[in-house]
């Protein structure tokens with residue numbers, strides 16, 4: 001039944017009612033913040049690394065109306081935890097990362113890192129973008145070096161650490177290549193190396209593997225898990241792929257469609273290393289997906305009533 | 001190979017036509033000089049150092065004027081691109097000012113600076129500043145936002161952010177504007193020099209007119225073309241090729 005529904009949901013341009021004739025659309029109810037349940041990771045310490053407290057964000061749209069993007073977000077991420085955030089497109093999950101990165105300020109509420117409020121960008125939190133985040137006018141090595149250069153790390157030390165982090169992502173051979181000479185997967189590995197080189201405590205990843213082919217993505221999942229184990233950093237990972245979220249995360253946080261609220265949190269108590277093909281992963285993903293689908297439907301609903309053609313997010317699969 | 005043959009045929013034809021018309025003596029030689037006359041004028045001009053000095057003086061002026069234009073234009077362009085108020089007010093003014101030939105500033109420049117080098121520089125700057133400003137504004141807007149975000153995220157701010165991120169990121173988008181600015185600067189300079197009696201290619205050209213020496217006039221015209229062409233071909237083509245190697249083909253048109 002479930003996989004059947006997913007298949008149906010992946011086809012395009014038929015009214016929602018045709019798929020789910022018995023569905024009742026209720027106005028979104030206001031939810032209490034979900035308490036954090038402990039998960040099973042040895043490295044994770046029970047200390048809040050990143051905390052979002054009562055965060056609201058609204059912005060002015062082009063037609064002058066105020067749009068509420070994030071509503072009353074409460075989220076605690078513990079040190080060393082791997083948290084995945086999923087939600088329909090337009091739920092503000094990328095914006096959430098920008099807030100934690102300090103690239104944008106919330107309209108109200110508090111964002112704490114190590115108990116201190118975030119004031120602007122800092123190299124303790126590095127954001128990895130879906131694509132194009134690397135500097136095309138610099139070589140791979142210079143890209144990795146960039147954060148350290150801005151910090152004023154001496155040249156010799158920079159060179160040494162650049163090499164170290166390139167080796168960590170298996171790209172030492174490409175030190176002098178330019179970005180356009182690399183494949184998509186290699187670029188994301190450079191982005192990871194560049195982020196790690198500034199020795200951040202928190203890695204913020206904004207759908208970093210969405211544009212990659214399946215094989216490359218599998219490989220990078222393994223690498224990311226290994227690097228996370230080696231460095232012990234905290235990771236907040238945004239994706240629209242539920243399977244990916246369950247495969248990687250200690251916890252999966254589901255956001256509602258616009259405005260984004262925390263709908264449900266799913267602890268993932270599966271042993272590592274995991275694989276995307278594990279039946280347990282698929283099973284856990286199904287729970288998340290059932291709820292995500294509700295949100296996707298309300299996003300379709302919203303696009304219908306505003307006269308826009310429905311668009312189903314392409315990457316949502318069981 | 002074929003292209004080279006086309007080139008050769010075209011220029012040989014042009015040269016032949018010129019020789020033919022000159023040899024037919026339809027017009028007197030002081031109105032329509034022969035190629036040999038122009039070659040001789042070029043030789044003499046270089047032999048008595050007139051052209052060397054004129055080229056040096058003109059290049060010096062255009063380089064100073066252009067450098068100031070680029071510096072000011074980048075600051076202005078960035079300002080207009082990143083400030084909504086400036087964009088709404090000054091944006092339109094800049095575009096409309098661009099339709100004004102820079103030599104129109106000459107009378108004002110004379111009054112403000114007197115009959116000297118500064119007046120010439122002013123005209124050169126007014127000629128190229130707008131192109132650079134508009135190019136920078138456009139480049140800053142076209143530049144993907146993500147570079148600035150990534151730069152800030154990696155700890156770059158203030159001048160470092162501009163120098164290491166925003167400037168190199170917008171370079172592919174402003175290189176054509178810089179090129180256009182150069183062409184305007186060079187033209188404005190020659191025009192201004194023609195109106196002002198001091199060394200420089202424009203003035204040497206006018207000297208040819210005063211002496212009724214059309215061979216000299218054409219010789220200097222050839223020099224002006226050659227210098228403009230060389231700067232375009234060496235400096236800007238080199239820059240474009242360099243950018244292409246780094247960025248790959250896509251962002252550089």
Yes/no for residue B:78 being in a helix (DSSP H, G or I) and more than 14 Å from chain A (Cβ to nearest Cβ): yes
Residue satisfying all of: in segment A:162-175; crowded, with 19+ Cβ neighbours inside 10 Å and either more than 25 Å from the chain's Cα centre (by Cα) or within 14 Å of chain B (Cβ to nearest Cβ) (or both); modelled with the lowest pLDDT among these: A:165
Please verify whether residue B:235 is more than 14 Å from every other protein chain (Cβ to nearest Cβ), at pLDDT 85 or above and surrounded by 15 or more Cβ atoms within 10 Å (Cβ to Cβ), treating the condition exactly as stated. no
If you take the residues of segment A:123-137 that are facing chain B (nearest Cβ under 7 Å) and in a loop (DSSP other than H, G, I, E, B), which of them is nearest to residue A:207 (Cα to Cα)? A:129
Restricting attention to segment B:42-59, the residues that are at negative phi and surrounded by fewer than 13 Cβ atoms within 10 Å (Cβ to Cβ) number exactly 4
Can you work out which of the residues in segment A:113-122 that are assigned to a loop (DSSP other than H, G, I, E, B) and touching a residue at least 60 places away in the same chain (Cβ under 8 Å) is farthest from the other protein chains (Cβ to nearest Cβ)? A:115
Given the criterion over 30 Å from residue B:42 (Cβ atoms) and buried (at least 20 other Cβ atoms within 10 Å of the Cβ), identify the matching residue among B:188, B:170, B:215. B:170
Residue list for segment A:92-112, restricted to those being within 14 Å of chain B (Cβ to nearest Cβ) and in a helix (DSSP H, G or I): A:94, A:95, A:97, A:98, A:99, A:100, A:101
One residue is enough: does segment A:178-185 have a residue meeting the conditions part of a helix (DSSP H, G or I) and either at pLDDT 90 or above or closer than 29 Å to residue A:111 by Cα (or both)? no
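Each row is one residue, and each column tells you yes or no for (1) in a loop (DSSP other than H, G, I, E, B); (2) modelled with pLDDT under 85; (3) surrounded by 17 or more Cβ atoms within 10 Å (Cβ to Cβ).
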| site | (1), (2), (3) |
| --- | --- |
| A:219 | no, yes, no |
| A:252 | no, no, yes |
| A:257 | yes, yes, yes |
| A:272 | yes, yes, no |
| A:283 | no, yes, no |
| A:296 | no, yes, yes |
| A:304 | no, yes, no |
When you scan segment B:112-198 for helices (runs of 4 or more DSSP H) that lie fully inside it, which ones turn up with 3 or more residues that are within 13 Å of chain A (Cβ to nearest Cβ) and under 19 Å from the mean Cα position of the chain (by Cα)? B:167-194
Would you tally the residues in segment A:111-135 being within 15 Å of residue B:148 (Cβ to Cβ) and surrounded by fewer than 20 Cβ atoms within 10 Å (Cβ to Cβ)? 2
Only one of these is out of contact with any helix residue (DSSP H, G or I) (no Cβ under 6 Å at 6 or more places or on another chain) and crowded, with 17+ Cβ neighbours inside 10 Å: A:245, A:197, A:193. Name it. A:245
Within segment A:39-86, which residues are modelled with pLDDT of 75 or more, under 28 Å from residue A:269 (Cβ atoms) and over 17 Å from the mean Cα position of the chain (by Cα)? A:48, A:53, A:55, A:72
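The values are calculated or read from the model by the stated rules, or taken from the named source; none is laboratory data. Everything numeric here is computed off the predicted structure, so don't read it as measured data. Positions of Cβ are backbone-derived with ideal geometry, glycine not excepted, and every protein chain shown enters the neighbour counts.
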